[in-house]
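The values are calculated or read from the model by the stated rules, or taken from the named source; none is laboratory data. The shown structure was predicted, so the numbers you read here are calculated from the model rather than taken from an experiment. Neighbour counts run over all protein chains shown; Cβ positions are idealised from the backbone, glycine included.
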Amino acid sequence: MGHTVRKMFAGSAIAAIAVLGVAACSDDSSSSGSSSGSSAAQSTAAGASTSAQQGKLVAEVPNLTGKSSAVKLDPGFTDALTTLKLTPGTVGSATLEDGSLIFPITGGNVKYYQPGSIQPYVQGIINHEGSGFSLSSADTKVELKNFTIDPGTSKLMGDVFANGQEAAKQAVIFDLDGSTLKPLQTNPDGTAVLEGTKVNISETAAGLLNKTFKTDAVKPGLLVGIAKITINTK
């Protein structure tokens, strides 16, 4: 492919991985929601119970049945891949469309609470089995696939393979920043859209890529792109 197409594809490949559930993540920050607060000794379970009572559930999909997670690639990320001289590719059912890497959703569940009523206000698990992306140099090929998005922890995990050998299982590949997440959008066709989460390279992924490709160009926190997740609500 030409230089321009290759550059876009490369960025898309990695960014898309995060795209998936990434868009469904909520703000990492948290607030007490009460002037009295709770003591430092209060148990996590008790705190979670209190939050659950305060949270106002807006929408819930107990069994996700399809649609996709996508990441619109940031130019800074695609430039970094070009500098590394890596050849990207899709794995399994993943696709690249209009500068976004798209991964089909294969299962999971999602709860969306009224923002501010509970933290995190997007909770659940979003699975993307059988898809991913690859990055190749002259003698090395890395595949990242089978992504799992956990909005509650703002993490995106995946399996990592180097030259066909499993290097890590469900490692944290991307950190998700939901502080820019837009309100839930529902559509007449029975779908719902969560868009706006920033997808950043995790410390684990940066270390892995730098070690594998013998570079120091990949920095933790590098913005990969903006995520958009579309789910069926029926």
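A few notes on this one:
- Checking each residue in the range 63-78 for being under 21 Å from Lys198 (Cα atoms) and surrounded by 13 or more Cβ atoms within 10 Å (Cβ to Cβ) picks out Lys67, Ser68, Ser69, Ala70, Val71, Lys72, Leu73, Asp74, Pro75, Phe77, Thr78.
- Within the range 217-234, being assigned to a loop (DSSP other than H, G, I, E, B), in contact (Cβ under 8 Å) with a residue 60 or more places away in the chain and surrounded by fewer than 18 Cβ atoms within 10 Å (Cβ to Cβ) holds for Ala217, Thr233.
- Residue selected from the range 99-134 under the condition out of contact with any Ser or Thr (no Cβ under 7 Å at 6 or more places or on another chain) and at pLDDT below 90, by the criterion surrounded by the fewest Cβ atoms within 10 Å (Cβ to Cβ): Gly116
- Strands (runs of 3 or more DSSP E) contained in the range 52-94 and holding at least 3 residues closer than 16 Å to Ser136 by Cβ: 87-92
- Meets criteria (more than 22 Å from Ile102 (Cβ to Cβ), surrounded by fewer than 21 Cβ atoms within 10 Å (Cβ to Cβ) and of a type in the set (Asp, Glu)) for Glu203: yes
- Counting the residues of the range 75-97 that are acidic (Asp, Glu) and modelled with pLDDT under 90 gives 1.
- Boolean, Lys214 is surrounded by fewer than 17 Cβ atoms within 10 Å (Cβ to Cβ), at positive phi, part of a loop (DSSP other than H, G, I, E, B) and basic (Lys, Arg): yes
- Selection from the range 135-153 of residues that are closer than 20 Å to Leu84 by Cα, of a type in the set (A, V, I, L, M, F, W, C) and either modelled with pLDDT of 95 or more or more than 16 Å from the chain's Cα centre (by Cα) (or both): Leu135, Ala138, Val142
- Test: Leu176 is touching a residue at least 24 places away in the same chain (Cβ under 8 Å), out of contact with any helix residue (DSSP H, G or I) (no Cβ under 7 Å at 6 or more places or on another chain) and closer than 19 Å to Leu73 by Cβ: no
- Among the residues making up the range 106-157, those that are small (Gly, Ala, Ser) and out of contact with any Lys or Arg (no Cβ under 8 Å at 6 or more places or on another chain) are Gly107, Gly108, Gly116, Ser136, Ala138, Gly152, Ser154.
- Subset of the range 146-177 that is surrounded by 16 or more Cβ atoms within 10 Å (Cβ to Cβ) and among the polar types (S, T, N, Q) - its residue that is farthest from Gln123 (Cα to Cα): Asn146
- Screening Leu181 on (1) at pLDDT 95 or above; (2) crowded, with 19+ Cβ neighbours inside 10 Å shows it passes everything except condition (1).
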